[in-house]
1. Gap in Å between the Cα centre of the range 456-479 and the Cα centre of the range 381-445?
2. Roughly how many Å² of TYR404 are accessible to a 1.4 Å probe, to the nearest 10?
3. Could you order LYS62, LYS439 by accessible surface area, starting with the largest, using a probe radius of 1.4 Å?
4. Given R₀ = 30 Å, FRET efficiency for GLU560-GLN73 by Cβ-Cβ distance, to 0.05?
5. Using a 1.4 angstrom probe on the protein heavy atoms only, line up PHE470, PHE567 by accessible area, largest first.
6. Quantify, in whole percent, the carbon and sulfur part of the accessible surface of the range 89-148 (1.4 Å probe; protein heavy atoms only).
7. Grab the Cα-Cα distance for SER553 and GLN271, subtract it from 0.36 nm times how many residues apart they are, and report the gain in nm with one decimal.
8. With a 1.4 Å probe and every protein chain left in place, tell me how much accessible area HIS451 has, in Å² to the nearest 10.
Amino acid sequence: MAKISLFKWFKNLSVAKKLYSVVGIMAVLIVVELGTLYFSVHTLSSVRAFVGAEGLWSKSQKDAIYSLRKYSQSHEGEDEKAFYDFMKVPLGHHKTLLELLKNNPNLDLARQGLIEGGNHPEDIDGMIKLFTRFKNVSYINESINIWSEADSVIAQLIPIAEKLHAEIANPTTQTITSSTSQFYLDEIISEIEPINKKLTILENDFSYTLGEGARWLENIILKLLLAIALTVELSGLLLTYFVVKGITKGLREITNASKSIALKDFNVRAQVFSNDEIGQLAMAFNEMTAELSDSVQKEKQSNEELEFRINYIQEHDKRTLDIMDALIKTTQFDFSEKLTISDRGDELDAIAVGLNTMSEELEFHLQQLNSSEAKLKDAQYLTHVGSWEWNIVDNTLVWSDELYRIFGVEKENFEANYENYLNCIHPEDREFLNGIVQKAYQDHQPFDVYHRLVLPNGEERTINGRGKIFLNDEEEIIRMTGTGQDVTEQKNAENKLNEYNIELEIKNKELAQFAYAASHDLQEPLRTISNFTNLLARKLENNHDEETNKYISLISGGAERMSNRIFDLLEYSRIGKDISKSAT
């Protein structure tokens, strides 16, 4: 009953109010769409800020570890100070993390922590809002857990630094030989390596999880924007169609009555459907018809007025049809033509202005969508990372353009399926890789593997393949997504570095052997000099010539000091070998 009353009320509104209602509803929907777009861009910008913050955190962690290692060798206070300076970034983020995990966080302290962490002040509010608004989203929640774990792990560096400082500053340690003291320091420094490895894994996991969340958010935003755009379009189309239909219906009734009157049938009356301008026009037309039937004298005047009205109605119909054609083209994403606005400024002109505005908005958002897709392709090309998605339900596999380029195949000549993918893998890695994928499929776990790829031209490349499993509510696999990155240059660089390390180890062994042989050869003449000097001293024992005794003492002391220096050199050459044996 309420719907009938509302429909009747709307039908009896004036055409101007109906059109203003349509334009108002369209404006509200467009404002909602723009608000959603602003929220999306702001949220994605906050995700970018978190990625940048992770980079600052990671770099500071690496620099702090490097300074601590350098301090263990140099014993300089500047290196120790550099360690604590680099630790200010993780400690600032630690302050923010502790505050935001509270039920009623102090946002001023949280902001201060992010500023101390090196983040740009304009990004801080967005980062805090992202944390508080989306902390229950799985990706953000997982990123927060990784952040918390990394925060607790990096805190272990401070006790190590304090232990190192105490060892270096300890007077007892300074009385121990330099080799023994350094051995103790190296034992303390060795505690850093597992911490560094664990932090590296957590940093990679944080970046990957945050990237997954950004892609998830981007998909949600794109779908939301598309839904709002379709809502704006369909709402405008339906409202405009309803208004135009009511106008056309009344005009058609008047037109039919006019045609009957043109045939001298003055008994016909136009049916009145509403109390708007069209209904009032119909009632006026009926009154005019009655007057025509009452007075033949006014026939000429009435005919002229009728002709004028008919021309107006025909033009009105033509403009209405133009609006309908424009609506149809808009639904087909054809924005090449715009409606012409007359100088009348009537209701149809208002509709034309609204349709032109809606067409421009839709065209703009489609361009934005195409631009986003182009940027994604550029990013994959620059990082040599291709993406893929395997729909398990219908067994379809979709590759990105960059993945085709990495595999050296053309999209038109290569069918993307799992069998063809395995055929591109190096024969020695094929069974191993298939086992990794099948295990991930069975265990519902992600995988990260390096394998070789053979291009159609015979060239071998090294690929880092990653994949993730997605399940439905019944814990059944519905799809797998992942990436493939060309890391050939990186692996080649690692192999060259290993070769250089092996060559350096051989040179060090040769140097140690030379030092041992040289020290043995040098000790023999020194022993001879020392022995003959002692014999000469005994022979001249009763000689009271002070100058002769002084020369003999100088010769004996010099030979002994030289022997000690050669022994120290031999011990120094054995340091690396002795440490490696004790470590073994």
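The values are calculated or read from the model by the stated rules, or taken from the named source; none is laboratory data. Everything quoted here is computed from the prediction, not taken from an experiment. Please note: Cβ atoms are built from the backbone with ideal geometry, for glycine as well, and neighbour counts cover all protein chains shown. Keep in mind that these areas ignore ligands, DNA and RNA; they rest on the heavy atoms of the full protein, side chains included. Shrake-Rupley method; radii C 1.70, N 1.55, O 1.52, S 1.80 Å.
1. Going from one Cα centre to the other spans 6 Å.
2. 20
3. On the way: LYS62 70, LYS439 120 Å².
Order by accessible area, largest first: LYS439, LYS62.
4. 0.45
5. Details: PHE470 40, PHE567 105 Å².
Output order, biggest surface exposure first: PHE567, PHE470.
6. Numbers: 1570 of 3150 Å².
Within the range 89-148, the accessible surface is 50 percent carbon and sulfur.
7. Values: separation 282, 0.36 × 282 = 101.52 nm, distance 13.99 nm.
Value of the extension gain: 87.5 nm.
8. Using a 1.4 Å probe on the heavy atoms, I get roughly 10 Å².
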